[in-house]
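The values are calculated or read from the model by the stated rules, or taken from the named source; none is laboratory data. What you see is a predicted model; the values in this text were computed from it and never measured. Here the Cβ is made from the backbone with ideal geometry for all residues, glycine too, and neighbour counts use every protein chain on show. In case anyone asks, the SASA skips ligands and DNA or RNA and just uses the protein heavy atoms, side chains included. Shrake-Rupley method; radii C 1.70, N 1.55, O 1.52, S 1.80 Å.
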Amino acid sequence: MQITEDKKNRLVVAITVAAVVLIVIFIAVVIYQMVEMVVIKNRKQDLQDQIDYYTEQIDKAESDLDYLQSEEFLKEYLLKNGYDWETSK
């Protein structure tokens with residue numbers, strides 16, 4: 001079975017087109033993966049920023065709670081409301 005010159009040319013063209021399509025698909029997948037990695041990295045950074053913010057808020061709330069439970073706050077509160085801490089002892 002002999003392949004004619006015309007069939008050979010068509011076969012080469014078909015192989016070339018298939019290779020180009022495969023390369024284009026590969027490049028599209030690589031670009032998509034790179035974009036996805038950037039999106040995930042940005043999301044991770046946003047989540048880390050939120051974690052840092054809420055950790056700071058928790059620390060501040062704990063500090064406020066410690067103050068509100070302190071004797072110093074109690075004395076200030078009582079004095080503010082007309083109660084003399086020293087004379088009641």
| Heavy-atom accessible area of Tyr32 with all protein chains present, probe 1.4 Å, nearest 10 Å²? | 130
| request: Would you be so kind as to identify which of Ala18, Ala28, Tyr67 lies farthest towards the positive end of the dipole of the chain, taking Lys and Arg as +1 and Asp and Glu as -1 on Cβ and the Cα centre as origin? | output: Ala18
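For Ala28 and Thr55, what is the calculated FRET efficiency with R₀ set at 35 Å and r taken between the beta-carbons, to the nearest 0.05? Working shown, then result.
Working: r = 41 Å, r/R0 = 1.16.
Efficiency, rounded to the nearest 0.05: 0.30.
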| field | Whole-number accessible area per residue in Å² for the chain, which is evaluated in the context of all protein chains at 1.4 Å | value | 95
| With every protein chain in place, what's the accessible area of Asp49 (1.4 Å probe, Å², nearest 10)? | 80
| query | On the accessible surface of the chain, probed at 1.4 Å, how many percent belong to carbon and sulfur atoms? | reply | 64
| query | When we measure straight from the Cα of Lys44, which lysines land under 18 angstrom away, once same-chain ones fewer than 8 places off are left out? | reply | none
